[in-house]
Amino acid sequence: MLNPPQIRNRLGGSAAAAWRGDRLVLDETASWLTSVTARELLRIDHDARRFRYEGPALGEPEKWTSEVLASPVPVVAVLASMHPNGYVRERAVRSLVTSPDAVSDRALAVRVSDHVRVIREVAVREVLRRRTLDNAERVVPVLHRIEQRGRGFEVLALYLRALITEHGEANVWARLRSSADHDLRRAAFRHSFDSGLLGLPDAVVLLPGERDQVVRRRLIEIIADSAAPDIIAKVLLRDRSAESRTLALVKLSAAQLDPADVERLLLDSSVLTRLWARRRWQEMGRDPAVVYATSARSTATPIVRARAHIGLAETGTAIERREVVALVRSTELPLRKVGLSLLRSRATEEDIPLLLRSVAGDHSRVARLAGEVLIDNPRLWTVAELAPFKAAEDPELRRRAWWIHRRRGGWEAVIADLELLHDSDPRLAGSGRQRDLPMYSRPTATQQRRITELLSTAPIERRQRHFIAFAAGLPDLAGESEKDHAQSG
């Protein structure tokens, strides 16, 4: 969606095209105003009519002469119908009444909320006359948005009543459920189920192919609340969304579930689904840890074995450290990631070389997890061990080293930021300009020396340099900075 200045610029260019009869630009404008959502169209109308000191976005009223509005191109009158001048809008709306074009349908629907009564009455009368299902597909999204506002809110109900009288309730709502407008489509599904136009059998059929998450949630709730246990198990336990699978496990008791389904869901990708699967598995008198241990040491795919190890950890089952390290060393990416997650609370000094190699690896997620293990175990390594990474040619590797260094916190975070300011990559150096100085603590002597070195060449303002030096307990450097500032003043 364009921002307000862009909208005004485009409207201005379109208005100029209307005055000179530039068909190419007008066709592009018609395509634009036809393709935007109802929400966006109302925003465009608002920006077009908004008072601006530099003048209306659509030009002065005098430009919209009878000759211009007599153009056979419908979008000319559509543009004029959004002008802040009421007389221009009124003449434009009366012109739109004679146009059956799709963009005219939408423009008339917008004007049913106009603050000028005569414009509003003409627009409402004409909209209520346009009652084909094709008209409805263009008009109802706009009326649906207007209903949530003030003026014109009553027109939607009148229009729907007229449509239903002419086409039948089932046909009207079926067409609205196929709308490209998300807000209207969701409202149409909600009304269809609430009014009984759609029921449980429809929800079962629709769910597998539905992509809108809001509509899916409604379908899932209907199936979970109304369907028989065998239907819930068949439809929801095998659905692609974790929400469906979890809700099925919640709704169905252990006696209503097939052990094979529950065993499969013990290794689900969703944490919540695994939780409820374990609960039902235990209610069946079985131990989930046995399933996890067997799967973890099987020939299943790496991702299944990885989830099995996660499941073991979730049950509180102890996993030997040598097994965790073996996972970190695995050539399979899912297993490496799980191994690093499990290593966070049990890393030792001997793991540091392996973790540093993982930080320097090709996989960003593995590098991130390895960095988090280092961050959680700061006593096992020193900042000096990051030096080769900070000197690397690859800016991504330097960024990872900076991130790990910074996460040590305290004055080390400040030092990391100051070091980064000296980086040769401008984008990377820009990341070092967010410093929160530690309170109620002073850097060590080693840290003070490093801060002194970095501050002397850091590309920061004198005031910031003075502030850091003062907080770090470097009076000589702080005094020099203050002196330089006074001399420059």
For the range 421-455, enumerate the residues that are touching a His at 6+ places or on another chain (Cβ under 9 Å) and in a helix (DSSP H, G or I).
-> 429, 454
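For residue 90, state whether it is in a loop (DSSP other than H, G, I, E, B), open to solvent by 10 Å² or more (accessible area, probe 1.4 Å) and either in contact with a strand residue (DSSP E or B) (Cβ under 7 Å, 6 or more places away or on another chain) or among the acidic types (Asp, Glu) (or both). It would help to see each step written out before you state the result.
Numbers: in a loop (DSSP other than H, G, I, E, B): no; open to solvent by 10 Å² or more (accessible area, probe 1.4 Å): yes; either in contact with a strand residue (DSSP E or B) (Cβ under 7 Å, 6 or more places away or on another chain) or among the acidic types (Asp, Glu) (or both): yes.
No: the conditions fail for residue 90.
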In the range 387-398, residue nearest to residue 446 (Cα to Cα) [restricted to those that are of a type in the set (D, E, K, R) and surrounded by 17 or more Cβ atoms within 10 Å (Cβ to Cβ)] = 390
Residues of the range 322-352 being touching a Lys or Arg at 6+ places or on another chain (Cβ under 7 Å) and either open to solvent by 60 Å² or more (accessible area, probe 1.4 Å) or part of a loop (DSSP other than H, G, I, E, B) (or both), in sequence order, are 330, 337, 346
For the range 39-56, which residues satisfy the criterion of being open to solvent by 20 Å² or more (accessible area, probe 1.4 Å) and either within 13 Å of residue 87 (Cβ to Cβ) or at pLDDT below 90 (or both)?
-> 49, 50, 51, 52, 53, 54, 56
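Of all residues in the range 57-83, which are surrounded by 24 or more Cβ atoms within 10 Å (Cβ to Cβ) and part of a loop (DSSP other than H, G, I, E, B)? Spell out how you get there, then give the answer.
Step one: of the range 57-83, the residues surrounded by 24 or more Cβ atoms within 10 Å (Cβ to Cβ) are 57-58, 64, 75-83.
Passing the criteria: 57, 58, 64, 81, 82, 83.
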Number of positions in the range 280-313 that are assigned to a helix (DSSP H, G or I), closer than 21 Å to residue 253 by Cα and in contact (Cβ under 8 Å) with a residue 12 or more places away in the chain = 6
Residue 225 vs. criteria of a type outside the set (A, V, I, L, M, F, W, C), on the phi < 0 side of the Ramachandran plot and open to solvent by less than 20 Å² (accessible area, probe 1.4 Å) | no
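Can you confirm whether residue 187 is of a type in the set (Gly, Ala, Ser) and more than 29 Å from the chain's Cα centre (by Cα)? Lay out the reasoning, then the answer.
On the way: of a type in the set (Gly, Ala, Ser): yes; more than 29 Å from the chain's Cα centre (by Cα): no.
In short, no.
Please tell me if residue 379 is among the basic types (Lys, Arg), part of a loop (DSSP other than H, G, I, E, B) and over 29 Å from the mean Cα position of the chain (by Cα). Spell out how you get there, then give the answer.
Values: among the basic types (Lys, Arg): yes; part of a loop (DSSP other than H, G, I, E, B): no; over 29 Å from the mean Cα position of the chain (by Cα): yes.
In short, no.
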By residue number, the members of the range 171-205 that are of a type in the set (A, V, I, L, M), open to solvent by 60 Å² or more (accessible area, probe 1.4 Å) and in a helix (DSSP H, G or I) are 205
Just name the residue that is nearest to residue 61 (Cα to Cα) out of those in the range 93-128 that are open to solvent by 50 Å² or more (accessible area, probe 1.4 Å) and within 39 Å of the chain's Cα centre (by Cα).
-> 115
Has the range 16-24 got at least one residue that is part of a loop (DSSP other than H, G, I, E, B), open to solvent by 10 Å² or more (accessible area, probe 1.4 Å) and either touching a residue at least 12 places away in the same chain (Cβ under 8 Å) or within 27 Å of residue 131 (Cα to Cα) (or both)?
-> yes
Cβ pairs under 9 Å, 6+ apart, first in the range 325-339 and closer than 15 Å to residue 359 by Cα, second acidic (Asp, Glu) | 328/351; 339/323
Are any residues in the range 403-420 open to solvent by 30 Å² or more (accessible area, probe 1.4 Å) and in a helix (DSSP H, G or I), and if so, which ones?
-> 403, 406, 410, 412, 419
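The values are calculated or read from the model by the stated rules, or taken from the named source; none is laboratory data. None of the values given here were measured: they were computed from a predicted structure. Methodologically, a virtual Cβ is constructed for each residue, glycine included, from the backbone with ideal geometry; neighbour enumeration extends over all protein chains shown. Side chains are part of the model used for accessible areas, which takes the heavy atoms of the whole protein and leaves out ligands, DNA and RNA. Shrake-Rupley method; radii C 1.70, N 1.55, O 1.52, S 1.80 Å.
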